[in-house]
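Throughout, read-outs are computed from the coordinates displayed, never taken from laboratory work. Predicted model, so just to flag it, every value in this text is computed and none were measured. Positions of Cβ are generated from backbone atoms using ideal geometry, with glycine treated the same way; all protein chains shown enter the neighbour counts.
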Protein chains: 2
Amino acid sequence: MLDLTRLVALRELALRGTIAAAADALGYTASAVSQQLAALEREAGVPLTIRAGRGVVLTPAGERLVARTHEMLDTMEVAEAELRAEAGGLSGTVRLAVFQSAALTLVTGALIDLRDSHPGIRVVVTQTEPEEAFADTWAREYDLVVAEEYPHHSAPHYPGVIRRPLVRDALLLAVGGEWAGAASVAELADAAWVMEPPGTATRHFAEQTCRVAGFEPDVRFASSDLQAHVQLVERGLAVAILPGLMVEHAGIGARVIPLEGGPRRTVFTAMRASSRLDPAVQAVRTALEEQAGPSAGS
Amino acid sequence: MLDLTRLVALRELALRGTIAAAADALGYTASAVSQQLAALEREAGVPLTIRAGRGVVLTPAGERLVARTHEMLDTMEVAEAELRAEAGGLSGTVRLAVFQSAALTLVTGALIDLRDSHPGIRVVVTQTEPEEAFADTWAREYDLVVAEEYPHHSAPHYPGVIRRPLVRDALLLAVGGEWAGAASVAELADAAWVMEPPGTATRHFAEQTCRVAGFEPDVRFASSDLQAHVQLVERGLAVAILPGLMVEHAGIGARVIPLEGGPRRTVFTAMRASSRLDPAVQAVRTALEEQAGPSAGS
DNA sequence: CATATCCGTAAGCGCCGCTTATGCTTTTCG
DNA sequence: CGAAAAGCATAAGCGGCGCTTACGGATATG
């Protein structure tokens, strides 16, 4: 029978691209992984890797083997989750990936609740980019993702990674200072805007909203820190489109009005299907739901 | 992550009932397996076994874990089969279980063909009882089973073990000596019969056939060796119901006539679904099909 | 009640697998 | 275009995991 640890090494190679990177991720030296793979290839009886330049790439047989390895790891994860559920074991580490803008208030609140209700659970929060977050969750780097989705801007979908909505969050126009009297986006064609940095879904949505209203926004400030947005709006230096959760939790010393058409972002969680039974993961998710309020889904 | 070899040890314990037997099956000492299971239990965090008398039984958590282990082993088997297929590797060992009565001629013929066409394949043939054969195939003791099924007498069905028909084989009445003139079962109420030992499907079918014809057969000889049946019939000492394959291949110096209603037994192969892609298993099955004749299924 | 069976622990040792060291190839950069 | 860096493979050495042997406690069996 093939050695599962060696298969994991192969899987890591497939994910990282080089033996050196895989070894680093596994906490071994490159030599160790090289030997593991050589042994695996001997057992397999067919070439699994071929040298390509100064690196290696997987053969089709290697790719298939990696796919099977994933299946086995999925099953392994289910088995472990069942054991933890059996133990009543509300313990263990949950690796949580969040986007800055997505749920700062949600996550901090949930962490505080969890610290009291389930002290055995250790949550490691990592801020990351949406694209990586899903890929790395699929690759078992994270166990849970808190992400957001804007209208007409769907997040990437990975097989085996399931998502469940947390809260649908109204998008609000926040105006202060000289623009405090504005009642719609259309009246803010000449305003200074604060938005997130380019390339994010949030930024894209805000820009599109302005364009639909008939103008190209004058983005004077770009920051991924929503607290900064609030500050700028309160001082009348800029106007912004902010998520409702941000306004509710943090409060804001400025006028907020709903956007036309009442668009909403969807904040949702994502996790591997094979880890959805893990009681620790479930507990973290439940805590997030409670933070989201009784209106939250399922 | 849980250690797969230890999970296999747990699985073997679940199958065999005692640590000693599991150790024996795995080729280890009982002490080694005991230590493996202790380590596994430590990793799992929940009790997997409890002492019961002088043995041990699995806890529900242990049973669940064994079920997951089976899933992983299934995937592992598929992975290995894919590798062998990739290698074009018509090699390896196929463990074949047959029932004496089922397909003696079929199997011997197939083995001869295989020896020439695929010398790399090593076939280990074991004669066994139907009930064990399926259970042991499910438990990975055998890779392929050649079995038979009589009308109104279905063989046990195991999940994950698939079956494919090989040949539908007419059941014939073989008469010699003083009974050579008989044309139907009903005329043989006073004849001496040779049948298989009680408890087999074949025996049950033969008895039922006689009862339907209106008499309880006088079973003077019981043997699981069909060659002995042929001998007895040829010498006129008894009459018998014999499968068509037996008559065709071996020839018989007596009159054979079809049974009323043309009942047939079905000879079929069974194997784990996860091993159906193994080229060696497929080759053995193909060889059996060719023996069964061009009329054979699929 | 004696014996056999079975499980678990302790001690010891062999072997697998990791690390370090080195060489070769390929890519990158000055 | 040459030097340096990155990547992989092999050899040698050593530590730890996991096996075996040995023994004691517990429980069916005759």
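Segment A:Val212..A:Ile257, full-extension length gain: 14.4 nm, with 0.36 nm per residue of separation and the alpha-carbon distance subtracted.
For trypsin sites (Lys or Arg not before Pro), the sites in the stretch A:29-119 that DSSP calls loop and that have at most 10 other Cβ atoms within 10 Å are A:Arg54. Checking every one of the trypsin sites (Lys or Arg not before Pro) in the stretch A:208-298 against DSSP loop status and a limit of 12 other Cβ atoms within 10 Å picks out A:Arg235. Apply the a/c threshold of 1.5 to the C-alpha gyration tensor of the stretch A:169-263 and tell me whether it is rounded, prolate or oblate. It is rounded, given that a/c, with a ≥ b ≥ c, falls under 1.5. A cut-off of 5 Å between modelled amide H atoms, ignoring neighbours fewer than 5 places along the same chain, links A:Thr49 with A:Thr59. Restricting attention to the protein assembly as shown, close to 65% of DSSP beta bridges with both partner residues there are antiparallel. Considering chain A, its Cα convex hull presents a mean projected area of 18.5 nm².
Applying 1/(1 + (r/R0)^6) with r as the Cβ-Cβ distance of B:Arg115 and A:Ser31 and R0 = 51 angstrom yields a FRET efficiency of 0.70. Full extension of the chain between A:Ser223 and A:Glu187 yields a length gain of 10.6 nm, computed as 0.36 nm times the residue separation minus the alpha carbon distance. Per-residue ellipticity at 222 nm computed for chain A from its helices equals -14000 deg cm²/dmol, with DSSP H segments shorter than 4 residues left out and the rest contributing -39,500 (n - 2.57). Using only alpha carbons, the protein assembly as shown has a radius of gyration to Kirkwood radius ratio (Rg to Rh) of 1.17. For the stretch B:67-159, the extents of the C-alpha atoms along the principal axes are 42, 40, 19 Å, listed from largest to smallest. When the Cα positions of B:Gly45, B:Ile19, B:Ala186 are compared along the charge dipole of chain B, B:Gly45 comes out farthest toward the positive end, with charges on each C-beta of Lys, Arg, Asp and Glu.
Relative to one another, the C-alpha centroids of the stretch B:127-181 and the stretch B:215-256 are positioned 18 Å apart. On the basis of the beta-carbon distance and an R0 of 35 Å, B:Ser154 and B:Ala87 show a calculated FRET efficiency of 0.40. Only bridges whose two residues both fall in the stretch B:103-246 count here: according to DSSP, what percent of them are antiparallel, nearest 5? Roughly 50 percent of the DSSP beta bridges within the stretch B:103-246 come out antiparallel. Nearest-5 percent of antiparallel DSSP beta bridges in chain B? Roughly 65 percent of the DSSP beta bridges within chain B come out antiparallel.
The same position A:Gly120 in the other copies lies at 5.2 nm from this copy, comparing label points 7 Å beyond Cα toward the beta-carbon, shortest first. Between B:Ala180 and B:Ala20, the distance separating the two model label sites (each 7 Å from Cα on the Cα→Cβ line) works out to 5.9 nm. Helices assigned as whole DSSP H runs in chain B whose Cα atoms extend at least 15 Å along their own long axis and whose mean Kyte-Doolittle hydropathy is -0.5 or higher are found at B:4-16, B:30-44, B:60-86, B:100-117, B:279-292. What are the nm distances, shortest first, from A:Gly177 to its equivalents in the other copies, labels at 7 Å along Cα→Cβ? Reported distances to equivalent positions: 11.6 nm. Amide hydrogen proximity for A:Val94: with H placed 1.01 Å from N in the peptide plane, the residues at 5 or more positions away or on another chain lying under 5 Å are A:Arg122, A:Val123, A:Val124. R0 = 41 Å: FRET efficiency of B:Arg164 with B:Asp3, Cβ-based, nearest 0.05? That pair, B:Arg164 with B:Asp3, gives E of 0.70.
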